[in-house]
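Heads up, the thing below is written out as structure tokens.
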Amino acid sequence: MRIEETPVKKLSQIQSVKGVKFLTPAAYPGSHCPMHTALITGSGIKGFSTLIVGTPECTSYSRMVIPKSEGPGGELHWLYVLDSSEVVFGCRENVLKALKTMGEAGVRVILLITTCVPELIGEDMESLAREAEESLGMKVTPVSLAHFSCNSYPSGWWKTLEALGGIMEPGPRIENLVNVPGLEPEALSGDSEGLLKELQNKGIELNFLGRGASVEAFQRAASASLNLVLAPEGGPLARKMEKSLGIPWLGFQDLYGAEQIEEAYTGLEKALGIAVECGRPSRKALVLELEQRARTVLKGKSFLSGPMDRDPVPLAAYLADLGMEPLLLHLEDFFEEDRKWAKALVQKGFNPWACHLVNMKEDREVLKGLSPDLYLGDFAPPIKSLRLTGGFKGMAGLYGHDRTAFVLKALLDFLSDTPVKALSD
Amino acid sequence: MGLHRFQPEPSGRMGILSTLVTIKGAALLEFGSMGHMRYGRTLLQRRGVKENCRLYATHLDEADISLGGTERLTRAVEAIARAHPGQPLFLLPSSVPEITGVDLFALSKMMQPDYPENLLVPFGGGGFKTSFYQGVEETLLTLVKVFPKEREKTGRLTFNLLGTCSDQVKFQSDAREIQRMMAGAFGAEPLVLLSSETSAAELEGLGAAHINLVIRREGEKAAIHLNERFGTPYSVGRPYGLKASAQWLSEVGRLLGQEPNPAFLTSETLEVEEVLKAAMPRIRFLKKQNPKKARLSLGGHTDVVKGIGQFATEEAGLDQGTFWCDSPEMVEEHIPYFSESRWLKEAEKEREGIVMARGDFMEYLGKPGELTLAQPDAYWRLNAYEPPYMGFRGAINLICLWYNALFSG
């Protein structure tokens, strides 16, 4: 089948993840729903309990993510299962009763997850959460996670973090407190770019807002002077905090170009009133040297971008700047910042297909028809006529010049080992 | 109220999926969000269930829901039929389309003429009123209605096992033990193991077996149907322990018009009696010393609880603790249904004794996972060759497990 015969749209037509269609219709194995990542995030935050409202499927499967009903700090992770009459008449009163029971068992801050069915029947969880807060004195963060509103799991990460913005109340500004939304405290030890370590050494208190943090850390975040976004999952929370608390934010999550990264560093220096080195001159020089080689080697090479551990739109725009031609991007999600990079691509004359790959066996036939020079990602089993670069393992968690250098080196290494001519199948 | 600390009772859809997943030479498509199948597959993997039937999902979006669109379904059926030439395609219902009123049966009828090589088999049971076991029953009955073709009875003595479904702990081992017993007692061979080890092609030959052995009550309607269509006699019983296993063989023999091989019965009986002889004295002594310990509590499928309970109390010297079943439609005398809240209340009384129940309850009570009787399992049960619970070898296994639960550690 040719891609033109599928429901897939071009990137210029994508306004949100809802516009991203499957390349082929029968999902195997299919993608996880956002409940999965919301539970991983929620259960990883100390003091944060969870209540998931849904069918026997959703609630049973949630036990594969959170096996025990009680967390290490006494958090409660319970389940609310709808019955046949609640599906018709609603479950508001009973969910309120459930929250009351959990409150009586000691819960103070809770993530209220709504899945497909309560969303479908139109339960207003926002107002239910407000009523629960007033009558029960609990902080209830509702998060709406119907799988039919998206294709995959990333929104579980960022919606949960964004919802936690709701427990923040304005407080006195702490000048040297910087939040890092979307990252776990472990990110510090894996920080190869060195920005986080340097900030800490220069007296900045880093407040990681992700798994491994605590409810108190999220509440304290309201007093920070800046949100530093290094991963796209932190963007929505940062935007929300700017609106509700006036806390500015600065992002590296979608930056690959050396100049743009330098600009972001300069912005950071201004915002914090300190110099930020991070070995920038030598890192930038390395990137520029790699870019010079890359412009020759990558010029005119067309590529497909498959499922990988990073947001593909900004990367595709960067590679297009180096002379590559993006033909198709697999999108797990569509972030706010993707809009500007999509626009930039289109303005340069590129308009790749934007799809969700759900069945490797079926998808491969359509992808082969695009005859790209490269496929950024993996395919199992490998397709002879697609040069698979592999999934760029190790790239998740990187940002800044370090990430750009990683990508360039990976591509250059790959292409120098293999002749760049398409093999016939 | 639907508030749970532990996993809730699974749905009819999960029962249908558990029963169909083991069938080779077939595909399955769920018209619903992808998430269900993604998790469902992993859950089955942890239970050691091979995905013989390839499991697909269509996914849904808001436009499908608001406009009642079924294009995702029809396009997926087309793609799957092409990828699985000549294979049947099971159509699984899901919660969201059930609410929006999608009629899988009507859609299936409408699509079938376009796929003469692929039998489309829709299932109901996706709604909120269908229990897991009702899903299992519907599936077994549908399979025996839809697939069998006219066949002569086999020359050799053969049987079908109805109800070897993947939800039961040790479903493979128990099926193996029944096969061993039938071989030893009658020289009989299995034709179809429904549904742990069979294929869509094999199901066509269901009518050729000499007898159907229903080993869980959900299979009885299927056996009645096969009896009406092919005249195949059937037995209904789930043998646990020495007495019940011998009685079961005797009943099967009566239906076959053939006595069970006496040498086989003797050797099996002796083996179990040896183990009982070794274990009983110390169990009797414990009963006098600490009666609270020598109690057995069982929670799970009624057929399982009844069978094991009878063996434990009538032959193995244990006292009856608390027995309960996990489905309100299977309540029997002395085997009430316990919801989670009721079970949590009753659990404390039986902490000192032996408990065999669902894995998460076992964990909660600090009881060993080897004695798990029902889903959800806390173990990853990847070993299909664990000793069974059913039959003669199951009796030996149970005695050993109980003995070690009482006296070791």
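Determine which lysines satisfy two conditions relative to A:Lys100: a Cα distance under 18 Å, and not lying fewer than 8 residues away in the same chain.
A:Lys139
For chain B, what is the convex hull volume of its Cα atoms per residue in Å³? Display every interim value, and only then the final one.
On the way: hull volume 55.9 nm³, N = 409.
That works out to 137 Å³ per residue.
Only Cα pairs under 8 Å and at least 6 apart count here; give the relative contact order of chain A as a rounded whole percent.
18
Please identify, among B:Arg351, B:Arg217, B:Arg393, the residue showing maximal mean-square fluctuation in a Gaussian network model of chain B using a 10 angstrom Cα cutoff.
B:Arg351
Compute the Kirkwood hydrodynamic radius of segment A:1-104, taking the inverse of the mean of 1/r over all pairs of distinct Cα atoms, and give it in Å to one decimal. Could you put the intermediate results ahead of the total?
Details: mean 1/r = 0.0598 Å⁻¹.
Averaging 1/r across every pair of different Cα atoms and inverting gives 16.7 Å.
Calculate the length of the line joining the C-alpha centroid of segment B:354-409 to that of segment B:278-306, in whole Å.
13
Please compute the modelled spin-label separation between B:Glu228 and A:Ser371, points set 7 Å along Cα→Cβ, answer in nm with one decimal.
Placing both labels 7 Å beyond Cα along the Cβ direction yields 6.1 nm.
Would you calculate a helix-derived [θ] at 222 nm for the protein assembly as shown, using -39,500 (n - 2.57) for each DSSP H run of n ≥ 4 and dividing by the full residue count, to the nearest 500?
-13500 deg cm²/dmol
What does the charge add up to near A:Val53, with Lys and Arg as +1, Asp and Glu as -1, over the other residues with Cβ less than 10 Å from its Cβ? Mind showing how you got there, number by number?
Values: positive: none; negative: A:Glu86, A:Glu119, A:Glu123.
Once positives and negatives cancel, what remains is -3.
Given 0.36 nm per residue, what is the gain on full extension from B:Leu365 to B:Asp103 after removing their alpha carbon distance, in nm?
Result for the pair: 89.9 nm of gain on full extension.
Hey, with R₀ at 60 Å, roughly what FRET efficiency would B:Ala263 and A:Glu216 work out to, going by the Cβ-Cβ distance, to 0.05?
0.25
Over all directions, what mean area does the Cα convex hull of the protein assembly as shown project, stated in square nanometres? Write out the running numbers ahead of the final one.
Details: hull surface 154.8 nm².
That works out to 38.7 nm².
I need the calculated FRET efficiency for the pair A:Lys197 and A:Thr266, taking r as the beta carbon distance and R₀ as 22 Å, to the nearest 0.05.
Calculated value: 0.70.
At a Cα cut-off below 27 Å, give the lysines reachable from A:Lys361, other chains included and same-chain residues fewer than 8 away excluded.
A:Lys9, A:Lys10, A:Lys18, A:Lys21, A:Lys301, A:Lys384, A:Lys393, A:Lys421, B:Lys24, B:Lys50
Please list, in chain and number order, the residues 5+ apart from B:Thr322 or on another chain whose amide H is under 5 Å from its amide H, with Hs placed from the backbone.
The answer is B:Ser297, B:Leu298.
How shielded is B:75-82 by partner chains, expressed as the average number of their Cβ atoms within 10 Å of its Cβ atoms?
Counting other chains' Cβ atoms within 10 Å and averaging over B:75-82 gives 4.
Calculate the spin-label point distance for A:Glu93 paired with B:His334, positioning each point 7 Å from the Cα along the beta-carbon direction, and give it in nanometres.
The answer from the label model is 4.1 nm.
Leaving out same-chain residues fewer than 8 places away, which aspartates and glutamates sit with a Cα under 14 Å from that of A:Lys270?
Hits, sequence-local ones excluded: A:Glu175, A:Glu262.
Using the C-alpha gyration tensor of chain A, what are the square roots of 5 times its eigenvalues, in whole angstrom, with the largest one first?
Largest first, chain A gives 38, 29, 16 Å.
If the elastic network links every pair of Cα atoms under 10 Å, which of B:Val102, B:Val21, B:Val304 fluctuates the most in the Gaussian network model of chain B?
B:Val102
Tell me, what is the FRET efficiency for A:Asp309 and B:Lys292 to the nearest 0.05, using R0 = 56 angstrom and their Cβ-Cβ distance as r?
The calculated FRET efficiency here is 0.55.
Kindly rank A:234-240, B:282-288 from highest to lowest mean number of other beta carbons found within 10 Å of each residue.
My ranking of the peptides, most packed first, is A:234-240, B:282-288.
Values quoted throughout were computed directly from the atomic coordinates according to the rules given, and no laboratory measurement underlies them. Values in this document were obtained by computation on a predicted structure and should not be read as measured data. Glycine also receives a Cβ, built like all others from the backbone with ideal geometry; neighbour counts cover every protein chain displayed.
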